[in-house]
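To start, the structure under review is shown below, and the notes come after it.
What follows draws every value from the coordinates through simple rules; no lab data is involved. Not measured: the values here are computed from a predicted model. In this analysis, Cβ positions are derived from the backbone assuming ideal geometry, glycine residues included, and neighbour counts consider all displayed protein chains.
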Amino acid sequence: MSTMTDTPLYDVPGPRARRRARIGNLVAAAGLLLVAGLAAARLGRQGQWDSRLWSPLLNPGDAVFARVWDLLGQALGRTLLAASLAISLSLAIGVALCVARLTAGRWWRAVIGAVVQVLRGAPVVIMIYLSARVLPEYGVQLDGLWYVVIGEILRSGIAALPRGQGEAAAAIGLTRGQTLRTVLLPQAFRMMLPALISQIVVALKDTSLGFVIQWQETVRTANLLIQTLHNPIQMFLVVGAIFVLINHLLGRLAHRVEGRLSRSRVRTAHPGA
Amino acid sequence: MNVILENLDLFAGGYWRSVQICLFGLIGSLLLGAVVAASRVSPWPSLRLGGTSWVTVLRNCPLTVVLFFCAFGLPELGIRGSYWTFGILGLVLYTSAFVGEAIRAGVNAVPTGQIEAARSIGLTFTQSLRLVIGPQAVRSVVPPLGSVVIGMLKNSAIVGAFGVGGDLFSVSDRLTSAQGYPALPVLLGVLAGYLAITLPAGAVIAVLERRVAILR
């Protein structure tokens, strides 16, 4: 079928359609190149291709290259640390919340559900600002929100499980806690692994909100650096590229894990075959 | 709680300003996102490449980087504007990538049989898009688009924190830093303000979802 495009939207094109598509493709390519060219020309007219602006970031021979990347490297380290802390803590608290929500009585379930709802509607930046303003001690200011998000992911992961699994586990005489621990949670974890990796991407991006509390993560450091280097365009292109690269790789990892999990589910679905 | 009552007009003004950021962001990102989605499903490879790069870059870049690039980078290119304009521009650019992906997912969710049926009764590409795929895609687009919109509403707080002035976030900053009010009640007020944006929006989206849902 339409092997060229992977979409069922259009048929395998005939000669006329192919010619039209070729022309359209060329026109679109020309248009995109024109936009890129105009942008490059604009950069040139404003003197933005000047090597003074790029070399502190890209030329290892530059006098300040080592210093700049030392600062950026430290900041990146802090960003990664913050993101991994946020993710692992939120995972732990999320699991606890989820188990509580599944095992608690009706009233507690309603309370936890309401808390989850409120925190999901609250902007992270406000939560960061709130914790940094209200809790004077720094270090905990990072993420009060993520565990709730992941609690919700976990919950939906468990909700998505085939109902029979819980009943089967109860039928072979496991207690409620055992059922959760040995049957439901492992499956939920496998199901939500791709979502969890996507949460790491979000957490990495959200650490850059540390700028509201003057915490020196990567973006804030870049902001401080451009005050002496005067190269905002170059700086943010480079910093943006670093984020895009890391997050894109994480996204692809999530995609592959997802593919692998769905394949293995298909296999276990037909044990006798 | 007295802080909020004493400064009620300030909070109301901030709330309205934040709602404005949300509205401009919503309109802009829906329009731009539709363009992104269209180029992602286009029959022309170069346009698809453009759409894919747009989505990959903007989806993986922190909103703060996009905002700072707009606010500090664009003036270097001779493009003048206020923080307000740049803030909304950044929010629109960033959200358009997510909107584009949500719409594309909706288009892809239309069963292949529908598309093939449309083609086999002789509808042209634009006709089948307008009469068969479009109406169905709109329905399956609502849930993913809804969560993108909620995310954008929350991200509008970042635009506020970034210094457009007058919105809920700057109100809290002004009251706690400059006027020395205790932080907790002020920020709880601000939080309530944002919840008063996101929770009703969530409810509206839930109603929309129920209304357009189709049983397959």
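Below are the figures for this structure:
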read-out: For the range B:59-72, 3J(HN,Hα) per residue [Karplus equation, 6.51 cos²θ - 1.76 cosθ + 1.60, θ = phi - 60°, Hz, x = Gly/Pro]; value: 6, 9, 9, x, 4, 4, 5, 4, 5, 5, 4, 4, 6, 9
read-out: Residue with peak Gaussian network fluctuation, chain B [Cα springs, cutoff 10 Å], from B:I88, B:I205, B:I121; value: B:I121
read-out: Cβ-Cβ FRET estimate between A:L80 and B:S120, R0 fixed at 45 Å, reported to 0.05; value: 0.25
read-out: Whole-Hz ³J(HN,Hα) from phi, Karplus 6.51 cos²θ - 1.76 cosθ + 1.60, for the range A:125-134, glycine and proline x; value: 4, 5, 5, 5, 4, 4, 5, 5, 7, 8
read-out: Partner chain coverage, peptide B:136-144 - average Cβ within 10 angstrom; value: 0
read-out: Spacing of the two label points (7 Å from each Cα toward its C-beta) at B:T112 and A:T182, in nm; value: 4.3
read-out: Hz values of 3J(HN,Hα) by residue in the range A:108-123 - Karplus curve (6.51, -1.76, 1.60), Gly and Pro given as x; value: 4, 4, 5, 4, 4, x, 5, 4, 4, 4, 5, 5, 6, x, 8, x
read-out: Folded to 0 to 90 degrees: helix B:83-109 orientation relative to chain B principal axis, Cα; value: 30
read-out: Stretch gain in nm, segment A:A92-A:R52, where the contour uses 0.36 nm per residue and the Cα spacing is subtracted; value: 9.7 nm
read-out: Degrees, to the nearest 10: B:183-212 long Cα axis against longest axis of chain B; value: 20
read-out: Cβ neighbours within 10 Å from other chains - mean over A:236-245; value: 5
read-out: Test item: A:227-233 mean partner chain Cβ contacts at 10 Å; value: 3
read-out: Computed [θ] at 222 nm, helices only, for chain B once each DSSP H run of length n ≥ 4 contributes -39500 (n - 2.57); value: -25000 deg cm²/dmol
read-out: For A:V64, distant residues with modelled amide H under 5 Å away; value: none
